[in-house]
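The values are calculated or read from the model by the stated rules, or taken from the named source; none is laboratory data. Given the structure is predicted, the values throughout are model-derived calculations rather than measurements. FYI the Cβ positions are ideal-geometry reconstructions off the backbone, even for glycines, and counts take in every protein chain you see. In case anyone asks, the SASA skips ligands and DNA or RNA and just uses the protein heavy atoms, side chains included. Shrake-Rupley method; radii C 1.70, N 1.55, O 1.52, S 1.80 Å.
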Amino acid sequence: MANDPGKNLLFAGVGGQGVLLVAELAARAAIHAGFDAKKTEVHGAAQRGGSVVSHVRFASKVYSPLTPAGEVDILVALEKLEGLRWASFVRPSGLIILNEEERVPAQLTDKPVEYPRQIDTFLIGKGFQTVLINATEIATSLGNYRAANIVLLGAIADAAGIPMDSWMAVIRQHLPPKILELNINAFENGIELKRRTHAAASHLTDH
Amino acid sequence: MTFPLPRKLIESFCDGVQRIYVIEELEPFIEEQLRIWNVKNPYGVSEITGKNSLPNMFELTPDVLRRTLLHGDGTTSFEKEISIPPRPPVLCPGCPHSGVYFVLHKLKLTATGDIGCYTLGALPPFNALDTTFCMGAGIANAFGIEKVKRHVLGKKLVAVIGDSTFLHSGIAPLIDIVFNKGITTVILMDNSTTGMTGHQQHPGMGKTIRNADTYAINYEELLHAIGIRHVSVFDPYDLEETEAAIKQALALEEPAVVISRRPCVMLESERAKPHHPYEVIDELCEECDLCLKIGCPAIDGSTPIPRISAERCIGCDLCAKLCHFEAIKPIAERLN
């Protein structure tokens, strides 16, 4: 691990979606793989429903958990608008994994807030590698929509540069036995989906 | 942080450097100490940079430091190119506080708030709280307002405080009200836990922080002991009962406490209960948006006919109670 620059990860979503859990798993997987890792999180006053973000940095040595704007390598957005909100933190041509789920924010004004359309098109236009995944639907088909966060975690498993056995070890260690199989399924689905998207994208550039 | 500050340690740190940066959030606490000790003089520090460059508000993120100390670019937001609506924190679907705040809003009461999830009652659609300062301040603020504005606000003033906050710092100001012959009504929002910070045990729950059995304070007995004669309990899911209990207390010429009693929906014990989600029946909905007045995040009001998320609705039935057209029903009922 000597002088390995590692990666800066950012996890964003809505309170209750499991942002903090996947950030925790990523940090622990990095430590398991021999990296130094630091993590911090920002969430609102209420347990649920607000904007939640967690920074994870790992490298041979990490001094501070907060990644400055423009230096995030991989952004994982559990909700689309939250992906847009934090996209400016991603480095040029960095990777954004975007869940297709849309949650309209609470209304603070009499005039309804318009949910921004075509977030993915906007992000692609900005030059980010933007991968859209319907993680909530996949998780629902596997047995529980709540596992969407783990589908998305699987989607960054390759790109993060953390060995697969480290990911599997922390998932087995930290998730309750009752939901372990579902979550391993979700994780593997995420890996596969990202690989397929990647293959499709390379295929397109080939022509 | 230790106080007094470790002077020898700090002075040896300053020894031999030309410029000291003091990077601390909020007020210049350490910086002022350094200036009082005059580290410039004995140690030859030529410059102290602190609040002359750094803001005394908000978080000192790497980008703020980059902008202020290194004169870099800092954050580049996309907000100028695409609308990014804010996502304020909200009360949970089925939160017992929603019922109370709906009624406070309806009765147009002046309400002094306190610190907890329930502080969110200050936001739309409730706009129910008028003040929030620190733990225990809600009751004291209400009594202060009563003292100077009793003739104006009369029977239209309540203090709102959660169970955990009440036990932490609400009892003393309530004794003050009784002792000094106030008439303020206090709504004790008893959700059987410390909601905001993550369900820590408190002295009203009968469990220690290590989850061992312990004595649970009986609020009614406690309130009677300090001189509150009128104590009533209501279920905030019952909007009529809620309104009646608050009105009854307000009508009295004495201090009163009404207890809103229903456990936080996020408690494991509540989550384990079966939930029967509701839905909006398109043919019956008149698109009046009254159901949105309960401020439930499981209801998406961005479409003409509001949509209830079956995954997030816990079936508290509060929105259905508001609907004049019986257009909100349990999903199962429609299937039958």
State all residues of segment A:51-78 that are assigned to a loop (DSSP other than H, G, I, E, B), within 9 Å of chain B (Cβ to nearest Cβ) and either among the small types (Gly, Ala, Ser) or open to solvent by less than 40 Å² (accessible area, probe 1.4 Å) (or both); if no residue qualifies, say none.
A:Ser64, A:Leu66, A:Thr67, A:Pro68, A:Ala69, A:Gly70
Considering only segment B:165-177, I want to know if a residue exists there that is crowded, with 21+ Cβ neighbours inside 10 Å, under 16 Å from the mean Cα position of the chain (by Cα) and among the hydroxyl-bearing types (Ser, Thr, Tyr).
yes
If you go through segment B:122-143 one residue at a time, how many are modelled with pLDDT of 95 or more and assigned to a helix (DSSP H, G or I)?
7
Report the residue count in segment B:248-270 for those that are of a type in the set (D, E, K, R) and more than 23 Å from the chain's Cα centre (by Cα).
2
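May I ask you to say which residue of A:Leu132, A:Leu84, A:Leu95 is within 20 Å of A:Leu25 (Cβ to Cβ) and in contact (Cβ under 8 Å) with a residue 12 or more places away in the chain? Write out each step before concluding.
On the way: A:Leu132 fails: within 20 Å of A:Leu25 (Cβ to Cβ); A:Leu84 fails: within 20 Å of A:Leu25 (Cβ to Cβ).
Testing whether each residue is within 20 Å of A:Leu25 (Cβ to Cβ) and in contact (Cβ under 8 Å) with a residue 12 or more places away in the chain leaves just A:Leu95.
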Report the residue count in segment B:1-52 for those that are hydroxyl-bearing (Ser, Thr, Tyr), touching a helix residue (DSSP H, G or I) at 6+ places or on another chain (Cβ under 6 Å) and either at pLDDT 90 or above or open to solvent by 100 Å² or more (accessible area, probe 1.4 Å) (or both).
0
Output for segment A:54-71, where each listed residue is aliphatic (A, V, I, L, M) and closer than 10 Å to A:Thr40 by Cα:
A:Val56, A:Leu66
Residue that is assigned by TED's automatic domain parsing to the domain that holds B:Leu250 and farther than 26 Å from B:Pro86 by Cβ, where the choices are B:Phe166, B:Phe126
B:Phe166
Suppose we keep only residues that are facing chain A (nearest Cβ under 9 Å) and out of contact with any Leu (no Cβ under 7 Å at 6 or more places or on another chain) within segment B:53-64. Which one would you say is most open to solvent (accessible area, probe 1.4 Å)?
B:Glu59
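Hey, could you check segment B:77-127 for residues that are more than 7 Å from every other protein chain (Cβ to nearest Cβ) and β-branched (Val, Ile, Thr) and say which is surrounded by the fewest Cβ atoms within 10 Å (Cβ to Cβ)?
Going through segment B:77-127, the residues more than 7 Å from every other protein chain (Cβ to nearest Cβ) turn out to be B:79-81, B:93-116, B:118, B:121-122, B:125-127.
If we keep only those that are β-branched (Val, Ile, Thr) too, we end up with B:100, B:103, B:110, B:112, B:115.
On the way: B:Val100: 29, B:Val103: 25, B:Thr110: 18, B:Thr112: 26, B:Ile115: 22.
Going through the qualifying residues, I end up with B:Thr110.
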Here the residues within segment A:104-131 that are within 12 Å of chain B (Cβ to nearest Cβ) and open to solvent by less than 30 Å² (accessible area, probe 1.4 Å) are A:Pro105, A:Tyr115, A:Pro116, A:Ile119, A:Leu123, A:Phe128
Suppose we filter segment B:191-219 for residues that are of a type in the set (Val, Ile, Thr) and either within 14 Å of chain A (Cβ to nearest Cβ) or open to solvent by less than 30 Å² (accessible area, probe 1.4 Å) (or both); how many remain?
3
